[in-house]
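The values are calculated or read from the model by the stated rules, or taken from the named source; none is laboratory data. As the structure is a computational prediction, the values presented were derived from the model and not from experiment. For neighbour counting, all protein chains shown are included, and Cβ atoms are generated from backbone atoms with ideal geometry for every residue, glycine included.
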Amino acid sequence: GAVVSQHPSRVICKSGTSVKIECRSLDFQATTMFWYRQFPKQSLMLMATSNEGSKATYEQGVEKDKFLINHASLTLSTLTVTSAHPEDSSFYICSARETVSYNEQFFGPGTRLTVL
Amino acid sequence: AQSVTQLGSHVSVSEGALVLLRCNYSSSVPPYLFWYVQYPNQGLQLLLKYTSAATLVKGINGFEAEFKKSETSFHLTKPSAHMSDAAEYFCAVTGPGAGSYQLTFGKGTKLSVIP
């Protein structure tokens, strides 16, 4: 149980285009989902916290207009990188918090974004 | 505020040897502590967690960790390393209670297992 999927697993796009990444909790309802960014050989950096039906809360330094987050249902959150640039290339990981176990997050497999 | 310090960004052990990955935390409230493993180009998998019950926590793949409040530590151990244990390991902390759910991660420790 407690499986989180991400789609796509890899994406390559041209500079200036927008990319949407989906995060789904497959077998549980997630009132809260999190989006992380991970640079090579580094730890995870929390970008934003997404609550179902409300606006996402962004961490300091994260541009909310560039990284659009939508959490329209209890099983789906999306991250859209708008007008992507090469510096946005990174590994993006989502996680979901199960409503029963408040403090445990279940992580998706990640999405490798490469912006040319 | 909470923080996690992982001592040693890279640890190498021989196959069959003891694995010890160090994690120290700082928290103003009783913490919940986690160890995650990450294989290349994959997400994080939970190894084990401490949530104020038993101080010695057993996880998957033969790993265990002991919560020591006096030392503010939560070191990860495994008696005998296997080649498949080679990966990146992250220690993380969060607070108890429904409102304290943001994880703070350490910088990670890369474990290499030498045949």
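Observations on the structure shown:
- Members of the stretch B:1-12 found to be under 21 Å from B:Asn61 (Cα atoms) and crowded, with 19+ Cβ neighbours inside 10 Å, listed by number: B:Gln6
- Residue check, A:Val3 touching a helix residue (DSSP H, G or I) at 6+ places or on another chain (Cβ under 8 Å) and either under 21 Å from B:Ser3 (Cα atoms) or touching a residue at least 12 places away in the same chain (Cβ under 8 Å) (or both): no
- Flag if A:Asn103 is touching a strand residue (DSSP E or B) at 6+ places or on another chain (Cβ under 6 Å), farther than 23 Å from B:Gln38 by Cβ and modelled with pLDDT under 90: no
- Count of residues meeting criterion [under 26 Å from A:Lys41 (Cβ atoms), within 14 Å of chain A (Cβ to nearest Cβ), touching a residue at least 12 places away in the same chain (Cβ under 8 Å) and exposed (fewer than 15 other Cβ atoms within 10 Å of the Cβ)] in the stretch B:41-73: 1
- Selection of the stretch A:48-58 for residues being under 18 Å from A:Ser25 (Cβ atoms) and part of a strand (DSSP E or B) yields A:Ala48, A:Thr49, A:Ser50, A:Asn51.
- Qualifying residues in the stretch A:31-79 (those that are of a type in the set (Asp, Glu) and modelled with pLDDT of 90 or more) - the one nearest to A:Ala96 (Cα to Cα): A:Glu59
- All positions within the stretch B:6-24 that are at pLDDT 95 or above and among the polar types (S, T, N, Q): B:Gln6, B:Ser12, B:Ser14, B:Asn24
- When the residues of the stretch A:60-111 are filtered to those that are assigned to a strand (DSSP E or B) and touching a helix residue (DSSP H, G or I) at 6+ places or on another chain (Cβ under 9 Å), the one that is surrounded by the most Cβ atoms within 10 Å (Cβ to Cβ) is A:Val81.
- Applying the set (1) among the polar types (S, T, N, Q); (2) touching a strand residue (DSSP E or B) at 6+ places or on another chain (Cβ under 6 Å); (3) within 14 Å of chain B (Cβ to nearest Cβ) to A:Gln60 leaves exactly one unmet item: (2).
- Breaking point among (1) away from chain A (no Cβ under 11 Å); (2) surrounded by 22 or more Cβ atoms within 10 Å (Cβ to Cβ); (3) under 17 Å from A:Lys41 (Cα atoms), for B:Leu76: (3)
- In the stretch B:26-35, residue nearest to the other protein chains (Cβ to nearest Cβ) [restricted to those that are buried (at least 22 other Cβ atoms within 10 Å of the Cβ) and at pLDDT below 95]: B:Tyr32
- Residue pairs meeting the criteria (Cβ under 8 Å; at least 6 apart or on separate chains; first at the interface with chain B (Cβ under 10 Å from one of its Cβ atoms), in the stretch A:88-99; second outside any strand (DSSP E or B) and of a type in the set (Ser, Thr, Tyr)): A:Arg97/B:Tyr101
- Residue match in the stretch B:79-95 (condition: surrounded by 15 or more Cβ atoms within 10 Å (Cβ to Cβ), touching an Asp or Glu at 6+ places or on another chain (Cβ under 7 Å) and over 28 Å from A:Arg10 (Cα atoms)): yes
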